[in-house]
2 protein chains.
Amino acid sequence: MSEDFFSSRWSERPEGVRDSAALPAGFRLAGIACGVKDPEGTTPDLGLVLSDVAGGVSAARFCDSGVLAAPVVLTRERCDLRGLRAVVANSGNANAATGEAGIAEAARVQEAAARALGLAPHEVAVASTGVIGVLLPGERVAAAMPALASALRADAGDFAVAIRTTDVLEKHTSLGVDLPSGSIKISAQCKGAGMISPRFATMLCFVQTDAALRAERADRLLGAALERSFDRVSVDGQLSTNDTVILMANGASGVSVEPGGEDERLLGEALDALLRQLALLMVADGEGARRIGCVRVRGGEHGAAERVARAVGNSPLVKAALFGADPNWGRVAQAIGAALPGSAPLAFEIAIEGVTVARDGAAAAHDSAALRQAVARDEVLYEIGLPGDGAPVELFFSDLSYDYVKINAEYTT
Amino acid sequence: MSEDFFSSRWSERPEGVRDSAALPAGFRLAGIACGVKDPEGTTPDLGLVLSDVAGGVSAARFCDSGVLAAPVVLTRERCDLRGLRAVVANSGNANAATGEAGIAEAARVQEAAARALGLAPHEVAVASTGVIGVLLPGERVAAAMPALASALRADAGDFAVAIRTTDVLEKHTSLGVDLPSGSIKISAQCKGAGMISPRFATMLCFVQTDAALRAERADRLLGAALERSFDRVSVDGQLSTNDTVILMANGASGVSVEPGGEDERLLGEALDALLRQLALLMVADGEGARRIGCVRVRGGEHGAAERVARAVGNSPLVKAALFGADPNWGRVAQAIGAALPGSAPLAFEIAIEGVTVARDGAAAAHDSAALRQAVARDEVLYEIGLPGDGAPVELFFSDLSYDYVKINAEYTT
């Protein structure tokens, strides 16, 4: 990518982290068209991540919806989540709400991929994204496995395209990280633009590193990074059925990252920054989005800050005002009140881009020209103060635009 | 109104309930322009309800937001809610998030109205709706009281216009009800189109009857009717700061409704039907709305049905699909799953207008042409079955349209 990957003012490139033209050693990816998205098979819709190296580790997280897609169920139940070697992912069909038949189709894909790659099925995760309630044509996908395997190369571009649905922005990169024990690489490919509300997150994201990690530390690093990235974004407050994040660490760099040391701290920092920027890109790419909001809430007690942040970030009124660059902070006040029933009178504060518009629960005199300028920026910060001393929380969110309605009213996505 | 007031297929005119050209006896209403909405004072923005008869009773309900508007605080704290004689309501300014100054302005209006009407301040409720965070110009409103009092007449038309904000549909009527003990009348005027998510409801609604009621029974009748009407609708899931519903019963018909009898049952039925149809009108008038959805959930346990109904009715994906007449029931499945984390695999059922699209948690074969026709109707019914035997719940909701975005992005409302 030509511009800086860390393009948001809310993400920072950690020291010692460089862009890398190459993927982590020992990983190859592929993306081809297999006819899920269109019967002619001209639109890329099938991707593969492979570690060529045995003995690596992995970690995974999934959404906690009551309606879990077949690939999520299959991967959770039949894979060795700490020893994955490959991931097959398709777009155009979520294979969700498809019952036992859906599980059977997902298993068919998993088995065909294992066969084509010379792996055991439990080493191959499957992931799907697209329309809900339609059975995945597993036979067609399975038949494409030899072609998919032949397309593997040390580049993520085709894979990233193949897992897109309504995504517009590119959401993948490869980074070099200088650790005290040596240099390693870390790369990630991510998709997600609608039905995005984290718990942990609502999307697909695949992360590879050639560092050598212990499985339980990979799991902990991934969990911590998710809490600071995909957990903190929302496009539309809508939890998906298919969320999957998989981290694979194959050790091909020869650099071993030991628990608790400086290597691990720096790797964790790089992983955090990488996933945070990808999460921000997902919000910026929120279906039809023009602007990103960031709400920061301090104070409150017993989870009040989290409830307020979600209420503000998911409010269609706040989001429509953000889209229209409307300085109407009354919508923020409304969302705060709705999140904390029975708390009136509530001595809240609101500042938008540093302009304090409400203090002690009431309107505060402010420079309205400065406010109008502030809300017209690409990224708008809402700071909310509540009485009490809970831990501060942060949430990034998309606006609500005509195009969000268009995308979700006029197409079966 | 020329067409039947009970225009929705989800509301029914009870037996013995007739349209009435006249208001209940002993009530007069007024609506004038006083310069809150525009400085020239040409747009109606101030309304008054008065019972000319002493000795009546009243009942009231308010929203439970943590950010309560000054008129709500003042009316709750300083009025005799069981003995209200008058209500002053303005549009164009919510007088919310305006602190002590807002309370003082609301009190100024209350006192001026009491003076103009020869009442005590605690007999006069105040209500406001409009932009949040701007102090009500109480002096200007108070100065208009003599003109407002002079405009009182036995007709609700001007009042209903004066309390509108983004409303398009008329939401007021007067009904005659034949009770065993005699005929009484009941009328109501209501406003609400955006920031509508009931808890109990998010709007202003004023109800008058000339039946004689005991105060505690008026309170109970109102509470029960709200649970079956405004409690069951949502335009955008956004609780307001200003919701107010006030029922006044002045006994001017000479018909006394005793607790527990047939009179009370029939009056309750009429009140239920009236508020239910007004609630449906509010949904139909949801900002920018084209279609109404009704979600009915049966089964589930521990509040699961209520959570699912709210998740479906407030999902921007479900609402955008309703707007676009998109038969994509996957969005309904997604919302069900999101509402019930950790419950997978969940054996849910979905039927849309009688077409069963999912059974046992998986897609069911169905007539897709019939489904496409069904979702293009003005009113679309979604029936959801969950395992378990909780009480059934119902929620009415608006769609999500370009105009909702337009109204809320391009104007400070």
Spans of strands (runs of 3 or more DSSP E) in the range B:1-53 with at least 3 residues surrounded by 20 or more Cβ atoms within 10 Å (Cβ to Cβ): B:27-32, B:46-51
Selection status of A:G293, of a type outside the set (A, V, I, L, M), buried (at least 24 other Cβ atoms within 10 Å of the Cβ), away from chain B (no Cβ under 13 Å) and closer than 24 Å to B:N314 by Cα: yes
Residue within the range B:389-409 that is under 23 Å from B:E301 (Cα atoms), within 14 Å of another protein chain (Cβ to nearest Cβ) and more than 24 Å from the chain's Cα centre (by Cα) present: no
Matching option when the condition is under 20 Å from A:N95 (Cα atoms), surrounded by fewer than 24 Cβ atoms within 10 Å (Cβ to Cβ), facing chain A (nearest Cβ under 9 Å) and not hydroxyl-bearing (S, T, Y), among B:A335, B:A344: B:A344
Filtered residue count, the range A:329-388, keeping only those that are in contact with a Cys (Cβ under 7 Å, 6 or more places away or on another chain) and either without any contact (Cβ under 8 Å) to a residue 60 or more places away in the chain or part of a helix (DSSP H, G or I) (or both): 0
Count of the range A:87-101 residues which are among the hydrophobic types (A, V, I, L, M, F, W, C) and surrounded by fewer than 24 Cβ atoms within 10 Å (Cβ to Cβ): 1
Of the criteria (1) more than 14 Å from chain B (Cβ to nearest Cβ); (2) touching a Leu at 6+ places or on another chain (Cβ under 7 Å); (3) of a type in the set (A, V, I, L, M, F, W, C), which one A:I352 fails: (1)
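Only one of B:V73, B:V49 is within 10 Å of chain A (Cβ to nearest Cβ), closer than 23 Å to B:L247 by Cβ and hydrophobic (A, V, I, L, M, F, W, C); which? Explain how you work it out, then say what you get.
Values: B:V49 fails: within 10 Å of chain A (Cβ to nearest Cβ).
None of the other options fit; the residue is B:V73.
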Residue, modelled with the lowest pLDDT, within the range A:276-291, restricted to residues that are within 12 Å of the chain's Cα centre (by Cα) and assigned to a loop (DSSP other than H, G, I, E, B): A:G286
Checklist (1) at pLDDT 90 or above; (2) within 20 Å of A:T209 (Cα to Cα); (3) hydrophobic (A, V, I, L, M, F, W, C) applied to A:V72, failing item: (2)
Subset tally (residues that are under 26 Å from B:W329 (Cβ atoms), more than 23 Å from the chain's Cα centre (by Cα) and surrounded by 21 or more Cβ atoms within 10 Å (Cβ to Cβ)) for the range A:137-178: 2
Any chance A:A321 is more than 7 Å from every other protein chain (Cβ to nearest Cβ) and at pLDDT 90 or above: no
Residue identified as at the interface with chain B (Cβ under 8 Å from one of its Cβ atoms), closer than 18 Å to B:G130 by Cα, touching a strand residue (DSSP E or B) at 6+ places or on another chain (Cβ under 8 Å) and buried (at least 21 other Cβ atoms within 10 Å of the Cβ) among A:P316, A:P327: A:P327
Test: A:R108 is surrounded by fewer than 24 Cβ atoms within 10 Å (Cβ to Cβ), basic (K, R) and closer than 30 Å to A:F6 by Cα: no
Search result, residues across the range A:54-67 that are of a type outside the set (S, T, N, Q), touching a residue at least 40 places away in the same chain (Cβ under 8 Å) and not in a strand (DSSP E or B): A:G55, A:G56, A:C63, A:D64, A:V67
Per-region count, the range B:365-394, residues surrounded by fewer than 16 Cβ atoms within 10 Å (Cβ to Cβ) and more than 28 Å from B:P341 (Cα to Cα): 9
Among residues of the range B:241-271, those that are out of contact with any Gly (no Cβ under 8 Å at 6 or more places or on another chain) and of a type in the set (S, T, N, Q), counted: 3
Given (1) hydroxyl-bearing (S, T, Y); (2) under 17 Å from B:A70 (Cα atoms); (3) within 29 Å of the chain's Cα centre (by Cα), index of the condition A:Y382 fails: (2)
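The values are calculated or read from the model by the stated rules, or taken from the named source; none is laboratory data. Note that this is a predicted model, so its numbers are computed, not measured. Glycine gets a Cβ as well: all are built from the backbone with ideal geometry, and neighbour counts include every protein chain shown.
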